[in-house]
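Computed from the coordinates by the stated procedures, all read-outs in this text should not be read as laboratory data. Keep in mind that what you see is a predicted model, and the values were worked out from it rather than measured. Cβ placement follows ideal geometry from the backbone for every residue including glycine, while neighbour counts extend to all protein chains displayed.
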């Protein structure tokens, strides 16, 4: 099995993009949840 630098780099970029996308979505969901909690749980 040979080392293909180009394929490795493309796989790495794809994995990194997926990680960043899920991180951003997670942060947005948490921010929305915190805003909703502040609206409904404060008296």
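For the pair residue 21 and residue 5, label points projected 7 Å from Cα toward Cβ lie 2.8 nm apart.
Report the full-extension gain for the segment residue 13 to residue 32: residue separation times 0.36 nm, less the Cα-Cα distance, to one decimal in nm. Spell out each step's value before the answer.
Working: separation 19, 0.36 × 19 = 6.84 nm, distance 2.86 nm.
Stretched fully, the residue 13-residue 32 segment lengthens by 4.0 nm.
Report, to the nearest 10°, how far helix 5-40 tilts away from the longest principal axis of the Cα atoms in the chain, using its own Cα long axis and a range of 0 to 90°. Computed tilt is about 0 degrees. The convex hull around the C-alpha trace of the chain, projected and averaged over every direction, spans 3.4 square nanometres. Where does the chain land at 222 nm, in deg cm²/dmol rounded to the nearest 500, when only DSSP H runs of n ≥ 4 count, each adding -39500 (n - 2.57), divided by all residues? Counting only the DSSP helices, I get -30500 deg cm²/dmol.
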